[in-house]
1. Counting only residues 5 or more places away or on other chains, whose amide H sits under 5 Å from the amide H of I300 once H atoms are built in the peptide plane?
2. Could you order the peptides 153-159, 63-69, 117-123 from most to least packed, using the average number of other C-beta atoms within 10 Å per residue?
3. Does segment 126-211 classify as rounded, prolate or oblate by the C-alpha gyration tensor (a ≥ b ≥ c root eigenvalues; a/c under 1.5 gives rounded; else a/b over b/c gives prolate, otherwise oblate)?
4. Could you pull out the GluC sites (Glu not before Pro) across segment 233-339 that fall in loop regions by DSSP (anything but H, G, I, E, B) with no more than 14 other Cβ atoms inside 10 Å?
5. If we sort 291-298, 341-348, 228-235 on the protection proxy, mean other Cβ atoms within 10 Å, highest first, what's the order?
6. Using the eigenvalues of the Cα gyration tensor, what equivalent ellipsoid semi-axes result for segment 177-329 when each is taken as the square root of five times the eigenvalue, whole Å, largest first?
7. Highest mean first, how do 321-331, 1-11, 169-179, 237-247 rank when packing is the count of other Cβ atoms within 10 Å averaged over residues?
8. What is the distance in Å between the Cα centroid of segment 159-212 and that of segment 111-144?
Amino acid sequence: MDFQDFIHSRRDTFAQACLDGACLEIVLGNESCDLDSAVSAIAYAFLLQREKELSVVPVLNVPRADYTLKTEVVFLLNKYAITQSDLVFIDDLRTLRQGEGHTFNLHLVDHNVLTDSQADMANRVVSIVDHHHRDCPLTDKMFVRIETVGSCCSLITDLFYERHGTVYSQILGHLLRGTILGDSICLSPEADRVKPLDVAMVEKLEEEFNLDISDRHQVFNSISAAKQDVAALSTEQLLKKDKKTFTVSSTCVIMSSLHVSIQAFLKRQDMIGACSKILTANSASILIVLCSGSKGGTTIKHFIMYTREGPLRAALTELIDSDLDLNFTPTQDISLSENFVVRKFLNIEISRKQVLPKIKGFLQVITASDMMTKLRSDSDQLTFSLELSAPGTPSIMESPVPEFNSSHENSGNHTPNPIFYVEAPPNSYKDASLLDTLGPHLPSFNNSEMVKRIMIKKNKLTSDHTEDPSTGDVLSSEGNSGHNSCPFTPANSFVDRFAPIEHHLPSFNSREMVSRMLQKKLPLAGDTGDVSPADDVHGQHIFTPHNSECGGDLHSSPAFDQLDLEHRLSSFKLQQAQELSPHTEASTNHTS
């Protein structure tokens, strides 16, 4: 089957398979349904058709009623006699997706993860060919080729030449070449999109079908003109022309790419109403519009964000402005309502391919903050009494968390329960991306049970018996040997700024350890009697290496080095010899 027969028979093939319940191989492009997505679906379906016995059908991922909005797609397909009546659209799949007994496999091109509205087909995906960042999970049963190039059509053209050495059809060759030129800005190195594979595939197509290299710019310019031919479209249609939708948690975002200047877009009379309407129609929270125009031959790009949710807008704005990769700058000459945020691209090479994952990441940060806000509102899990402070000790509790209205709590009547949290130590890590605009910083990892345990240990410093802070029951201190039995921090250790200043911490040694060390030390001085810690109050300190840490309450101690030890041992032996000398003489005289 040649390419023309293939493309003109796809709608009939699809309808017959739906009636017969036959298995279908569906090739689906992304929901923006731009030229790269549409031609990729058609070309990859033709490749699979030549390799499989089953019927393969390309599906354009846009409702049939919106096909005319894709002006560049309509232009190029019409040029080679491919009309709307030949094509299958996403709403045609409704029968297969909802009906029982229908079997089909799904092949994704120009994207690698399905949107939420199409997630019901995720378990049917058997292959992926894409040039975007990979977001999908992979399995051994799936064929995947994901590679960063200028156009997905470059990857599919390469598959043709790898497997068959040809793309078989000159019409298909024109479609692939025109799409690659359009997506790579006519293979322009300055556009920072083109990759070696894009250039190689255009050259191979030109070689196979003897195409004139000199008409590359003509092909590119005709496709660009068709893409920008939007005068007949309403603003709502314009926003739908090249849009992508994604969701992070419960926040739905619509991102539209427009090949018009920001001035032309803002001059449209129904601009604000269209922005509001498209959010409502899609149950979305944020609309992002990327405008691309030119002035004096220079490309100028702008970023527009529209949302009616104030806290969300403030948080996103601060994250966007602080991102060095996006490198936006505020616009001084554009004034809109507070629901809009407008920024200018300093780097015109940045496209939706880079902006979209950035926005996803920012929303994940904000979502994490929202989750913590909801957790702090659960009084059963995080509230606890302020009456935990030990007598004479500064409280480690902070003030109540101030009220924070999240983007999803717009009622104005919600008053959160007072929540108290333990502040993190001053040297703890604070995520730089959690900004003040997101509300209170995250509380300490300590929960009320941990605080209770800390207070029990604190109370041991001031009494032999400890009360349970929550019940008042007296708890015995296990293993203690007097009120000084608790281990204390060395003088050079880190002291949290909330630690009680009035408690001067002695050595880390317990009384038992001190006693045992004195038992071993004092024989060096000739004393073999029992020693208690109380005997060590007149300067008989444990000898410590000269460079060791010495607690602040200890007096200076002599160095316990080798020479000092030898000197002391020699003196001790001499003293013993002198003491034994009279006894030795007496014994000798008696024997005589």
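Read-outs throughout are calculated quantities, based only on the coordinates presented, and are distinct from any laboratory measurement. What you see is a predicted model, and the numbers here were worked out from it, not measured in a lab. Ideal geometry is used to build each Cβ from the backbone, glycine not excepted, and the neighbour counts take in all protein chains shown.
1. HN-HN under 5 Å from I300: G293, S294, K295.
2. Packing proxy ranking, top to bottom: 153-159, 63-69, 117-123.
3. Oblate, since a/c reaches 1.5 and b/c is not below a/b.
4. Listed in order of number, the matching sites are E338.
5. The packing order, highest mean first, is 341-348, 228-235, 291-298.
6. 34, 18, 15
7. Descending packing order for the listed peptides: 169-179, 237-247, 1-11, 321-331.
8. 25 Å
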